[in-house]
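Asks: This is the structure I have questions about; it appears just below.
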Amino acid sequence: MGQSAEERRAALVELFKEVRACTKCPLHETRTNAVFGAGDADAGLMFVGEAPGAEEDRQGLPFVGRAGQLLNELLEGIGMTREDVFIANVLKSRPPGNRDPQPLEIEACRPYLFDQVRLIEPRVICTLGNFATKLLSGNPAGITKVRGVPQVHELGGHTVFLLPLFHPAAALRTPAVKETLRSDFELLPDLLEGPPPAGIALDDTLELAGDAEGQEAASSPHPAADQLDLFG
Ligand code: URA
């Protein structure tokens, strides 16, 4: 609480070193690089994806493939860049063949994500797709049911807005999903600049906006060795 940007960055670097050496699940045997996450250690906005893909594994950086290019484009659409935010994943190591994360892998990696949230203290966390949304909301509801409606949660010791969004990879496959994702991004400026999330007594969801029923609905060349410079 109340740490300076420099203190947050230093603490993240220590956590990064732990993740880089992690052998808690078998994915360490097949990964090229652990993908800790990257961005502003003092960010008000954090994105949480699913797991590194092939390009992320190769570079040691999150969202640097095609889905990452779309994420950059969506950020630009609301006047932001990836340097303004922090981007992480549920899993820090690539599942072979990009298969789904397994429960034991999620359990092994989850303390790292919660530590990242505790250290960064973002005001808003966008969960991208089902795995991040279910893990951070603690609710098994699928992304199609919950996307685009901000929730309030106690995470990493403080109160945050959690905004579930479709995963950009799904948006690459389906133009209608891309349009929904683009319009859900437009909720972000108000969440970032409006009143902060109110504290809640229960670790449950408080829907703040919208009607849940009605809402159904290029690679950067940094080598992994440069990761310590990534937390601005
Ligand atoms: N998809 C994810 O969920 N995370 C990445 O880092 C890249 C693609």
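Asks: Placing +1 on the Cβ of each Lys and Arg and -1 on the Cβ of each Asp and Glu in segment 5-217, which of 39, 155, 52 has its Cα farthest towards the positive end of the resulting dipole?
Replies: My answer, from the dipole projection, is 52.
Asks: What percent does the relative contact order of segment 5-217 come to when contacts are Cα pairs within less than 8 Å and at least six residues apart? Please report the intermediate quantities before stating the final value.
Replies: Numbers: 391 pairs, mean separation 44.8, N = 213.
That works out to 21 percent.
Asks: A further question follows. Send over a whole-number figure in Å² for the accessible area per residue of segment 59-99, probe 1.4 Å.
Replies: 36 Å²
Asks: First measure r as the distance between the Cβ atoms of residue 182 and residue 83, then evaluate 1/(1 + (r/R0)^6) with R0 = 22 Å and state the FRET efficiency to the nearest 0.05. Could you put the intermediate results ahead of the total?
Replies: Details: r = 21 Å, r/R0 = 0.94.
Calculated value: 0.60.
Asks: Counting only other residues whose beta carbon sits under 9 Å from that of residue 120, what net charge do I get with K and R as +1, D and E as -1? It would help to have the intermediate numbers written out before the result.
Replies: Numbers: positive: 8, 118; negative: 40, 42, 121.
Once all neighbours under 9 Å are counted, the net charge is -1.
Asks: Next question. Count the net charge of all other residues whose Cβ sits under 11 Å from the Cβ of residue 31, scoring Lys and Arg as +1 and Asp and Glu as -1.
Replies: Details: positive: 20, 58, 92, 94; negative: 29, 56, 57.
With Lys, Arg at +1 and Asp, Glu at -1, the neighbours total +1.
Asks: Report residue 16's accessible area, 1.4 Å probe, all protein chains in place, as a number in Å² to the nearest 10.
Replies: 0 Å²
Asks: Sticking with this one: In segment 5-217, what is the volume of the convex hull around the alpha carbon atoms, normalised per residue and reported in Å³?
Replies: Details: hull volume 24.1 nm³, N = 213.
It comes to 113 Å³ per residue, whole-number rounded.
Asks: At 7 Å along the Cα-to-beta-carbon direction for both residue 158 and residue 3, put a label point, then send me their distance in nm to one decimal.
Replies: Result for the modelled spin labels: 1.0 nm.
Asks: Continuing with this model, one more query. For residue 178, list the lysines whose Cα falls under 24 Å from its own Cα; do not include residues on the same chain fewer than 8 positions away.
Replies: 134, 145
Asks: With only Lys, Arg, Asp and Glu charged, each at its Cβ (+1 for the first two, -1 for the last two), find how big the charge dipole of segment 48-159 is about the Cα centre; round to the nearest 20 debye. Numbers along the way, then the final one.
Replies: Details: 12 positive and 14 negative charges, 55 e Å.
Here segment 48-159 has a charge dipole of around 260 debye.
The values are calculated or read from the model by the stated rules, or taken from the named source; none is laboratory data. The structure presented is a predicted model; accordingly, all values stated were derived computationally and were not measured. All Cβ positions, glycine included, derive from the backbone under ideal geometry; neighbour counts span all protein chains shown. Just so you know, the surface numbers come from the protein's heavy atoms only, side chains and all, with ligands and any DNA or RNA stripped out. Shrake-Rupley method; radii C 1.70, N 1.55, O 1.52, S 1.80 Å.
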